[in-house]
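As structure tokens, the structure follows; a few thoughts come after it.
The values are calculated or read from the model by the stated rules, or taken from the named source; none is laboratory data. Everything numeric in this text was worked out from a predicted model, so none of it was measured. Neighbour counts are summed over all protein chains in view; Cβ atoms, including those assigned to glycine, are modelled from backbone coordinates with ideal geometry.
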Amino acid sequence: MMQVPAHYRMTRPARYLSWTISAGIILTFHYFFMSDSPIRYISSNVTEPFNNDALKTPRKYEAKNLYKWTRALPVPHISGRPGELGKAVVLNAEEDEEAKRRFKEHEFNIVASDTISVNRSLADVRHPHCLSVEYLPRLPKTSVVIIFHNEAWSTLTRSIWSAINRSPKELLKEIILVDDKSTFDYLGNQLDEYVRTLRVPVKVLRMDERFGIVKARLLGAANAEFYYLFVRNEGIFFSGTTFNVTEPFNNDALKTPRKYEAKNLYKWTRALPVPHISGRPGELGKAVALNAQEDEEAKRRFKEHEFNIVASDMISVNRSLADVRHPHCLSVEYLPRLPKTSVVIIFHNEAWSTLTRSIWSAINRSPKELLKEIILVDDKSTFDYLGNQLDEYVKTLPVPVKVLRMDERFGIVKARLLGAANAEK
């Protein structure tokens, strides 16, 4: 039997210590480290970090825009059906051969995926703290945005049904599918006809060119009817010990963490906070104020990257950030010895200031004993400064940095796989 490539598996320590950053995208994630906050243009001469107001001054909704809701019922568990409760899918010899033959279609086991129901049940693997969270009895309605490119039919429809089945029906007003220029026939008329049969309004937006996940997300957000958005990119991950067994992405991470040899575990110390330099633009995530001339330049250059590049360029690569993690995250205790990690950063035509700030955020906020390398994956950028200038710049950094360049524009999923495949074991 064929082994599933190692880069399709993620173990628990790796989840603590590695992340993939798509430089400049709206959503930032806080795992073990705190990543650099992107910039959001909120008025003619003031920029705010994206989640400042969300964390401290949540939007005030009018009562008429808040709705009573009830929790969605769990999807019924049908014993014996493939993939129920996230369990492995076992293939026979013939199916296993077909899976090997078709692996290149989507870079995962499509045969196993196609056997799993769109309405499959899943075990609740949330942390007890998450289970104890109490939500307000009235909440605003939401739009769910799903991004895809040449996605397998089974994974795309399962994602749609996952949103429908697991969302309070009173709050889910629409699903927006953004097609980043797919070329598969079934993602055309067949998809249009399929979504008309669903019990939730579904819009399908198609891009004329392959723009990638960032612009696709912006297109979805621009066409949403509601302020409150949930945005995800398509992609179902399979892992397991043999090619004819498919495991949910984090089954082994949650239940059977990898056993590392003692020689591959290292003592580490927390990275020191980046010093706060009072008065420097963007320190502690505060607003950047622009004068009239800078404001005009910001407006003129806004289309370059779809954000305020003038404000971004004023912020230091070593800027300080307030610690906005939840108290539960702050209380987590990590093992005194952990494996080293590779940090993978994906980018396409990224602004110099946001890319270099992302790199330095990883360097400054990572335990120096555990950060083995940074891998930059260039998804076919066309800006000159992301060529030789970037190559020369990374040579000056205090950690090893690889720059991998893709010959074609493949998008974030394949770029992540390329980065993972080139990470030091």
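Yes/no matrix, rows are residues, columns are (1) assigned to a helix (DSSP H, G or I); (2) more than 30 Å from Arg416 (Cα to Cα); (3) within 24 Å of the chain's Cα centre (by Cα); (4) in contact (Cβ under 8 Å) with a residue 40 or more places away in the chain:
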{"residue": "Lys64", "(1), (2), (3), (4)": "yes, yes, no, no"}
{"residue": "Arg71", "(1), (2), (3), (4)": "no, yes, no, yes"}
{"residue": "Glu95", "(1), (2), (3), (4)": "yes, no, no, yes"}
{"residue": "Ala99", "(1), (2), (3), (4)": "yes, no, no, yes"}
{"residue": "Asn119", "(1), (2), (3), (4)": "no, no, yes, yes"}
{"residue": "Val145", "(1), (2), (3), (4)": "no, no, yes, yes"}
{"residue": "Thr155", "(1), (2), (3), (4)": "yes, no, yes, yes"}
{"residue": "Ser159", "(1), (2), (3), (4)": "yes, no, yes, yes"}
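When you go through (1) surrounded by 15 or more Cβ atoms within 10 Å (Cβ to Cβ); (2) out of contact with any Ser or Thr (no Cβ under 7 Å at 6 or more places or on another chain); (3) modelled with pLDDT under 95 one by one for Glu306, which number turns out not to apply?
All conditions are met except number (1).
I'm told Lys372 meets every condition in (1) without any contact (Cβ under 8 Å) to a residue 60 or more places away in the chain; (2) surrounded by fewer than 23 Cβ atoms within 10 Å (Cβ to Cβ); (3) outside any strand (DSSP E or B) except one. Can you identify the failing condition by its number?
(3)
Could you check segment 96-108 and list, in sequence order, the residues that are more than 28 Å from Lys203 (Cα to Cα) and surrounded by fewer than 17 Cβ atoms within 10 Å (Cβ to Cβ)? Let's see the steps before the verdict.
We begin by selecting, within segment 96-108, every residue more than 28 Å from Lys203 (Cα to Cα); these are 96-104.
Residues satisfying the conditions are Glu97, Glu98, Lys100, Arg101, Arg102, Lys104.
In this structure, does Leu139 turn out to be under 18 Å from Ala163 (Cα atoms) and not hydroxyl-bearing (Ser, Thr, Tyr)?
yes
Going through Val344, Val317, Val377 one at a time, which residue ends up being in contact (Cβ under 8 Å) with a residue 24 or more places away in the chain and either on the phi > 0 side of the Ramachandran plot or part of a loop (DSSP other than H, G, I, E, B) (or both)?
From the options Val344, Val317, Val377, the qualifying one is Val317.
Right, Ser79: loosely packed, with under 10 Cβ neighbours inside 10 Å and either part of a loop (DSSP other than H, G, I, E, B) or in contact with a Cys (Cβ under 7 Å, 6 or more places away or on another chain) (or both) or not? Can you show your working first?
On the way: loosely packed, with under 10 Cβ neighbours inside 10 Å: yes; either part of a loop (DSSP other than H, G, I, E, B) or in contact with a Cys (Cβ under 7 Å, 6 or more places away or on another chain) (or both): yes.
Against the criterion (loosely packed, with under 10 Cβ neighbours inside 10 Å and either part of a loop (DSSP other than H, G, I, E, B) or in contact with a Cys (Cβ under 7 Å, 6 or more places away or on another chain) (or both)), Ser79 qualifies.
Restricted to segment 109-129, and to residues that are at pLDDT 90 or above and among the hydrophobic types (A, V, I, L, M, F, W, C), which residue is surrounded by the fewest Cβ atoms within 10 Å (Cβ to Cβ)?
Val118
Given the conditions (1) in a loop (DSSP other than H, G, I, E, B); (2) buried (at least 17 other Cβ atoms within 10 Å of the Cβ), which single one is not true for Tyr334?
(2)
Filter segment 151-173 down to the residues that are surrounded by fewer than 19 Cβ atoms within 10 Å (Cβ to Cβ) and over 20 Å from Pro74 (Cα atoms) and list them by number.
Trp153
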